Structure formats: C-alpha cells, structure tokens
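The values are calculated or read from the model by the stated rules, or taken from the named source; none is laboratory data. Note that this is a predicted model, so its numbers are computed, not measured. Note that each Cβ is placed from the backbone with ideal geometry, even for glycine, and that neighbours are counted across all protein chains shown.
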C-alpha cells in the first residue's frame with residue numbers, strides 16, 4: 001500500500017522546521033503533531049515516527065480539530081494548506097501574490113508526485129531494489145526532505161513531465177546542431193575541447209561524424225532547452241546567418257537523472273549537464289561561466305600530488321570531474337543559456353548497485369518496504385549477523401567512507417565540498433557502502449588552507465577566485481550540507497526503521513569524526529560540528545515563499561537560521 005503522506009511530507013517537514021506554532025502530542029492514544037491555528041482550531045498530523053532531526057513519518061491523515069471537542073474532521077491537503085499559511089510565523093512579511101504563487105506551486109508539486117507514483121515504470125522495484133545508477137536517479141520521487149514544493153516544475157508543461165522528468169523514467173534522444181567554430185566557445189582540461197566533442201559524437205551519434213570539419217563542429221542540445229533557445233533573438237540571428245543549424249534528433253537515448261538537467265547514457269564516457277531555464281526548488285537551473293570554471297579548478301587541484309597523497313588514505317572516495325564545458329556565443333558574448341558541461345561517467349557498469357543518497361533516504365514509498373531495510377537484510381544474510389548488527393555495520397561504513405572523507409577533505413586540504421544528499425552517489429557491495437562518488441563541482445570551494453596548498457601548483461587557483469570562501473561561509477554552508485542535509489537523512493532513516501534512536505547514531509558519527517580533529521590543519525569547522533550547540537540551517541520554506549532565485553540572492557546568509565546541533569548535544 002502506498003504511503004498516503006508521500007506527496008506532502010516534504011511540505012509538512014519544511015513547515016514544522018521553520019515555524020513554531022506546533023507541539024508533539026497524543027491523539028486518541030497515538031503520537032501526533034498538533035499545529036495551532038487559533039484558539040478554536042488545531043490541525044492534527046498523526047505520525048508513525050517523531051524525528052528529533054525533523055524528518056517525521058506521517059500516517060497520511062490530516063485532521064481539523066475543534067479545540068473544545070474530542071472529535072476531528074478529516075480534511076484534504078489542499079484545505080490544510082489554505083488553513084496553515086495564514087498562521088505561519090513570518091507570513092505577514094509576504095504579499096498576497098507571493099502567497100498565491102507559493103500555494104499554486106506547492107499544489108503543483110503534490111500533483112506531480114502523485115502522478116509520478118501512478119506512472120513511474122518501475123514503482124514496485126523502487127521499494128525493494130537493488131537499483132542501478134539510472135534506476136536510483138529516477139527513483140527520487142519525493143525530492144528534498146524539507147521543501148514546500150520539492151517537485152515543482154514551473155516552466156515545464158504538464159504534457160512535458162513524462163518526456164523530460166526522471167520521476168517518469170524519461171529517456172530521449174538529443175537534438176544535434178551543426179555549429180560554426182567562430183561561435184563555438186568553451187574550455188577544457190586534460191585534453192582539447194574538440195577531443196571531448198569528438199568522443200561524444202563518436203559514442204552517441206556516429207552518423208554525424210561526416211558533418212564535422214575544420215569550419216563546423218557538431219554539438220548536442222537538450223530538446224527542452226533547444227526549444228527555449230530558439231525563442232532568443234541571438235539564436236535566431238545565428239541560425240539566419242547559417243552559423244548554427246539544426247540537424248535533428250540522432251543517436252542513443254539518454255536518461256534524465258535526479259537533477260533533471262544532468263543526463264546519462266551508460267555507453268558514453270561522459271554525462272552531460274545543461275543549462276535549463278526551469279526553476280526547480282529554489283533555483284533557476286541555468287549554468288554560468290563562473291560555475292564551469294569551478295569545475296576546471298577542481299580538476300586541476302585533483303591532479304596535484306597534494307590531492308593524490310590525501311586520496312591514498314581514502315582510495316574509495318572519488319570526485320567526479322567536470323573537465324570541459326561548451327556553449328554558443330553571439331557578438332563575442334557567451335550565451336549562458338546554451339552552456340553544457342562534461343562530467344565523468346563512472347556508471348558504465350549498470351549491473352552494480354549504485355544509489356544517490358537522497359533516493360536511499362527518502363521516506364518510504366509504500367508501507368511494507370524501504371530500500372535501506374532491504375540493504376540491511378542483505379547485510380544480515382551475507383555476513384550472518386542480526387538486523388541490528390547489520391545496521392551498525394552499515395552506519396559504520398557510511399560514516400567512514402562517506403562523511404569522514406568529506407570532513408577530512410575540508411579540514412586537511414581546504415577543498416570544501418557542499419555535498420548534499422543528491423550529489424552523493426554510493427556504490428554498494430553485499431549491501432554495505434563500498435565507494436563514494438561526489439558530483440557537482442560547482443558546489444566546491446577553497447578555504448584559505450586550500451588556496452595555500454593548491455595555488456603553488458595551479459595557476460588558476462589563487463586568493464581572488466570567487467569560490468575562495470571565508471571561514472564564516474564555510475562554517476555556515478559545510479555543516480548544513482554534509483551533516484544536516486546528508487548525515488541526518490540516513491540517521492533518521494535508520495531510526496524510523498527501529499534501529500536505535502537518532503542520538504545514538506549521532507554519537508557514533510561524533511566518535512568517528514572526532515578521530516581526525518587533533519591532527520586537522522584547519523580545526524574550526526570540524527570543532528563547530530563536534531562542539532557548538534547550534535548549526536546554521538537553510539530555510540527552504542521562507543526562501544521559496546519569497547519567489548527569489550536562490551542563486552542570485554546577494555547574501556545567502558539571510559535564508560539561514562539557527563538549529564540545534566544534535567551531534568554536539570549527545571556529548572554534553
């Protein structure tokens with residue numbers, strides 16, 4: 001039976017994390033969360049599991065209760081949304097159009113999730129696994145655990161959902177363009193940009209090799225983005241001047257991954273990540289030149305002996321490089337909406353169990369199964385241990401092979417990876433984490449320590465780069481992404497399944513991370529994680545209410561708020 005709260009749990013958890021008008025209570029001898037509307041009415045959300053880190057598991061019922069009565073009325077999520085919003089803590093700061101737009105997107109997200117549950121081609125397999133890379137990428141149906149509209153698709157029409165969204169198992173051919181080299185721009189590391197493009201054409205659409213010559217190159221475009229680009233005056237001019245021409249759909253079919261704009265084809269050496277003029281969660285998903293340059297700098301850093309010496313201690317921790325990018329230009333200006341970048345594709349073996357962490361940790365799709373529980377059953381069988389012992393083994397490997405290297409990378413190399421759970425891919429062997437693959441080099445920065453260690457080896461890494469982050473930025477963003485977003489998701493998932501409480505898992509993670517503190521070159525962020533009473537947590541609920549693009553907020557600190565640090569609290 002499907003989890004009846006699956007389509008709105010992310011909204012509820014986001015609301016509860018960022019508002020104060022609620023309490024953990026009992027309703028008819030069952031645990032519940034009571035949200036106070038006014039003196040006369042409350043909304044009750046019965047729960048299977050109450051989470052200290054905020055990832056509650058709801059039964060699916062939404063009840064409207066008269067404060068003076070012992071009975072309650074079952075209401076729809078749409079009605080609950082209408083009742084809840086006027087009582088949110090900071091709602092007075094928002095205009096009526098902002099609130100109406102917010103409500104529409106929340107309901108669209110709910111509708112999208114329900115449609116994906118009904119139309120996903122492998123829904124039963126998603127609940128049991130084991131999954132390969134593409135199956136896991138296309139199995140993230142609920143999205144961010146704390147977002148009011150985790151699956152909103154503001155610019156994607158309803159009839160395009162199944163064509164381009166991973167939640168519907170989308171696979172499609174690319175649109176190929178013949179492009180004058182005079183308007184083709186980009187940069188690459190390791191080899192020339194032309195080599196990357198030739199590999200792409202040879203492996204994905206070899207019939208187009210005859211179109212490549214000294215004057216023209218062939219490049220692929222995401223079909224949705226090409227449709228968008230054709231409406232731009234710059235592209236129209238390039239086409240009328242015969243500098244760009246459409247060749248049509250050719251070659252292999254590519255699969256949409258969980259980010260929507262990144263796509264994968266198992267028989268091609270590179271995944272592709274596109275600019276997409278679609279707002280997903282808080283951000284418009286277009287690429288910028290500065291983001292592409294981040295990937296090239298990370299590539300340079302990872303070629304140094306400094307990095308290789310560090311990686312010898314963590315041989316199963318891999319940064320998926322983004323060594324090249326490409327775009328069209330007009331009047332010598334890059335058309336950023338046309339950018340796409342190359343990402344290493346280490347998922348060529350589709351037979352291995354390889355999961356994006358967000359899919360593994362999402363709330364259960366149905367009431368009988370959970371991907372993580374299925375893994376623990378395999379661990380129990382393969383290692384001849386109880387399920388409780390399997391959970392211990394699993395979390396020990398997760399802590400040491402996923403979270404510990406991320407913290408060590410920051411503390412000892414000054415390479416800061418904002419690894420939220422959607423950018424952590426784990427390969428498993430017999431149910432246990434074996435290898436960690438970190439993607440999205442746009443989410444990497446360099447601390448002062450990182451500049452010191454890499455500048456002498458890499459001419460493009462210096463103190464003036466825009467992702468040279470100061471200590472305040474690092475201590476704000478790094479704990480949020482690595483601990484609150486990624487670690488807490490798995491801690492909550494284990495506890496929901498009945499394996500110890502969240503504080504016990506936090507204590508175990510604390511013990512693992514404290515092992516590198518004394519020898520760390522930069523202790524400040526790690527000390528905050530281990531000792532400070534609170535973190536700064538990103539507020540997706542109110543950020544989304546503004547309607548702003550998170551990527552263009554001048555000071556992102558304004559969307560963060562203090563949250564209790566459960567890791568440090570377990571030691572006090």
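Summary of computed values
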{"item": "Listing of helices (runs of 4 or more DSSP H) fully contained in segment 346-461 that carry 3 or more residues being within 28 Å of residue 9 (Cβ to Cβ)", "result": "357-361, 371-383, 387-398"}
{"item": "Residue check, residue 294 touching a residue at least 60 places away in the same chain (Cβ under 8 Å) and surrounded by fewer than 16 Cβ atoms within 10 Å (Cβ to Cβ)", "result": "no"}
{"item": "Filtered residue count, segment 210-222, keeping only those that are under 35 Å from the mean Cα position of the chain (by Cα) and free of Cβ contacts under 8 Å to residues at least 60 places away in the same chain", "result": "2"}
{"item": "Pair list, Cβ < 7 Å and 6+ apart or interchain, from segment 510-524 residues that are more than 9 Å from residue 408 (Cα to Cα) to residues that are at pLDDT 95 or above and surrounded by fewer than 14 Cβ atoms within 10 Å (Cβ to Cβ)", "result": "524/471"}
{"item": "Among (1) assigned to a helix (DSSP H, G or I); (2) out of contact with any helix residue (DSSP H, G or I) (no Cβ under 7 Å at 6 or more places or on another chain); (3) in contact (Cβ under 8 Å) with a residue 40 or more places away in the chain; (4) closer than 15 Å to residue 166 by Cα, the one test that residue 131 misses", "result": "(1)"}
{"item": "Hits in segment 507-548 (condition: more than 25 Å from residue 450 (Cβ to Cβ) and not in a helix (DSSP H, G or I))", "result": "533, 534, 539, 547, 548"}
{"item": "Any hit, segment 103-124, residues being more than 19 Å from residue 8 (Cβ to Cβ) and in contact with a strand residue (DSSP E or B) (Cβ under 9 Å, 6 or more places away or on another chain)", "result": "yes"}
{"item": "Tally of residues being surrounded by fewer than 18 Cβ atoms within 10 Å (Cβ to Cβ), in contact with a strand residue (DSSP E or B) (Cβ under 8 Å, 6 or more places away or on another chain) and without any contact (Cβ under 8 Å) to a residue 40 or more places away in the chain across segment 35-61", "result": "2"}
{"item": "Flag for residue 200 being within 20 Å of residue 165 (Cβ to Cβ) and surrounded by 15 or more Cβ atoms within 10 Å (Cβ to Cβ)", "result": "no"}
{"item": "Selection from segment 442-455 of residues that are touching a helix residue (DSSP H, G or I) at 6+ places or on another chain (Cβ under 9 Å) and more than 18 Å from residue 408 (Cβ to Cβ)", "result": "442"}
{"item": "Restricting segment 548-565 to residues that are buried (at least 16 other Cβ atoms within 10 Å of the Cβ) and over 20 Å from the mean Cα position of the chain (by Cα), the residue that is nearest to residue 145 (Cα to Cα)", "result": "563"}
{"item": "Residue in segment 62-69 that is touching a residue at least 12 places away in the same chain (Cβ under 8 Å) and out of contact with any strand residue (DSSP E or B) (no Cβ under 7 Å at 6 or more places or on another chain) present", "result": "yes"}
{"item": "Any pair with Cβ under 8 angstrom, 6 or more apart, that starts in segment 152-174 at a residue that is on the phi > 0 side of the Ramachandran plot and ends at one that is surrounded by fewer than 17 Cβ atoms within 10 Å (Cβ to Cβ) and in a loop (DSSP other than H, G, I, E, B)", "result": "169/121; 169/122"}
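Here is a yes/no grid of residues against (1) surrounded by 15 or more Cβ atoms within 10 Å (Cβ to Cβ); (2) at pLDDT 95 or above; (3) out of contact with any strand residue (DSSP E or B) (no Cβ under 7 Å at 6 or more places or on another chain):
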site: 470; (1), (2), (3): no, yes, yes
site: 479; (1), (2), (3): yes, yes, no
site: 489; (1), (2), (3): yes, yes, yes
site: 495; (1), (2), (3): yes, yes, yes
site: 499; (1), (2), (3): yes, yes, yes
site: 536; (1), (2), (3): yes, yes, no
site: 546; (1), (2), (3): yes, no, yes
